[in-house]
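Enquirer: Shown below is the structure under consideration.
The values are calculated or read from the model by the stated rules, or taken from the named source; none is laboratory data. Owing to the predicted nature of the structure, the values given are computational and were not obtained by experimental measurement. Quick reminder, even Gly has a Cβ in these numbers, built from the backbone with ideal geometry, and neighbours come from all protein chains shown. To get the accessible areas, we keep the full protein, side chains included, count just its heavy atoms, and leave off ligands, DNA and RNA. Shrake-Rupley method; radii C 1.70, N 1.55, O 1.52, S 1.80 Å.
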Amino acid sequence: MEKLVLCPVCKQNRLTHYLSCKDYVASVEEFNLDQCTSCGFVFTNPRPEFNDCGRYYESSKYVSHQDNDKSFVLFLYRWVRNRNLRWKLKIISKYQKNIGEILDYGCGLGNFLNYCKEQGWKSTGMDVSESARVVVKQRYNIDVFANREIKQQPEKKYDAISLWHVLEHVYDLDETILEFYRILKEDGTMFIAVPNRKSYDAQHYKEKWDAYDVPRHIYHFSPSDIDVLMDRIGFKVIEKRGMFYDAFYVSMRSEMHSGKGMKVLRGFYRGLISNFKASGNLNYSSMLYVIKKK
Ligand SMILES: [Zn+2]
């Protein structure tokens, strides 16, 4: 395990225990979350060594043991994901009026990149999974780099860089965001979506909140954490938007960790409350940050 002594966001060293959370997906191990007493950032500490984190992504155990609730939630997840493709590109197009080049960092199986390609964008991906890279190339003829390969392209610049629920998994946080700074065009835009630990559903479910998702999620951002982090590296957040569907999905998954009945209904109800409260305070279950260079 790797124990951090400095806050990854503000680099101060005063940390205090925040929560203990269980890995419900792969290992059933418990993980500690620390909070920085200077800036309030919460992160998984200690975290698995980078070379050891792969085993926490082996979730076949989870997928092959679904009950009806989970199957329904999985179905809902896929429906929402497809619906979201259009929504994501619409927001990107609001800031990048001309169709250009997009890098989807952590592109997975490339659904979003392929949608961008169909709409005329030159699409490039990055993914740590070699099998994902091969699938996207074969299925969509889209190039997907491994992380180090992006660094080997000194001249390459992008109009848009997107990270859909990826930054909370990234080990070399500063190094990665600095790399984005280098490869984003001066008038380019970055789009980062992450869960929000200040949301109502996070506060309600506490250690059972599904989006803590330890130890795969090593950072647990609030909107102000993203402001501080981006400012330190030379970016500024120009817009924050809620991701409406995430409250339902995350709440239903969180109910499954609680062991009570009527999980889908309960989760739907909590998702509704979360979105209602967030319409006032902008603390949605997940947030999308629109980011430019300063
Ligand atoms: Zn801090």
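The rows are residues; the columns are (1) of a type in the set (S, T, N, Q); (2) modelled with pLDDT of 95 or more.
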| residue | (1), (2) |
| --- | --- |
| K3 | no, yes |
| G40 | no, yes |
| T44 | yes, yes |
| Y62 | no, no |
| L76 | no, no |
| R83 | no, no |
| G100 | no, yes |
| G108 | no, no |
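Enquirer: Across segment 150-160, what is the number of residues that are closer than 29 Å to D52 by Cβ and open to solvent by less than 30 Å² (accessible area, probe 1.4 Å)?
Expert: Number of matching residues: 1.
Enquirer: Ok, one more. Considering each residue of segment 9-38, count those that are within 13 Å of the ligand (Cβ to nearest atom), closer than 16 Å to P215 by Cα and open to solvent by 30 Å² or more (accessible area, probe 1.4 Å), and give that number. Quick ask: steps written out before the conclusion?
Expert: At the first step, the residues of segment 9-38 found to be within 13 Å of the ligand (Cβ to nearest atom) are 9-16, 18, 34-38.
Now narrow it down to the ones that are closer than 16 Å to P215 by Cα: 18, 34-35.
Now restrict to residues that are open to solvent by 30 Å² or more (accessible area, probe 1.4 Å): 18, 35.
Residues that pass the stated criteria total 2.
Enquirer: Specify which of the listed residues (D104, D159, D143) is in contact (Cβ under 8 Å) with a residue 12 or more places away in the chain, of a type in the set (D, E, K, R) and closer than 17 Å to I238 by Cβ. Give the steps one after another, and end with the answer.
Expert: On the way: D104 fails: closer than 17 Å to I238 by Cβ; D143 fails: closer than 17 Å to I238 by Cβ.
Sole residue among the options that is in contact (Cβ under 8 Å) with a residue 12 or more places away in the chain, of a type in the set (D, E, K, R) and closer than 17 Å to I238 by Cβ: D159.
Enquirer: So, one more: Contact list please: Cβ distance under 6 Å, first residue in segment 4-21 and within 15 Å of D172 (Cα to Cα), second residue near the ligand (Cβ under 8 Å from one of its atoms) and of a type in the set (F, W, Y), pairs at least six apart or on different chains.
Expert: Taking only residues 6 or more apart or on different chains, the pairs are C7/F41; V9/F41.
Enquirer: Next question. Mind counting the residues in segment 168-220 that are under 19 Å from Y56 (Cα atoms) and among the acidic types (D, E)?
Expert: Residues meeting the conditions: 5.
Enquirer: Give me a count of the residues in segment 212-230 that are in contact (Cβ under 8 Å) with a residue 24 or more places away in the chain, within 16 Å of the ligand (Cβ to nearest atom) and among the charged types (D, E, K, R).
Expert: Here is the first cut: in segment 212-230, the residues in contact (Cβ under 8 Å) with a residue 24 or more places away in the chain are 212-226, 228-230.
Next, from what is left, pick out any that are within 16 Å of the ligand (Cβ to nearest atom): 218-226, 228-230.
Filter once more, keeping what is among the charged types (D, E, K, R): 225.
The qualifying residues number 1.
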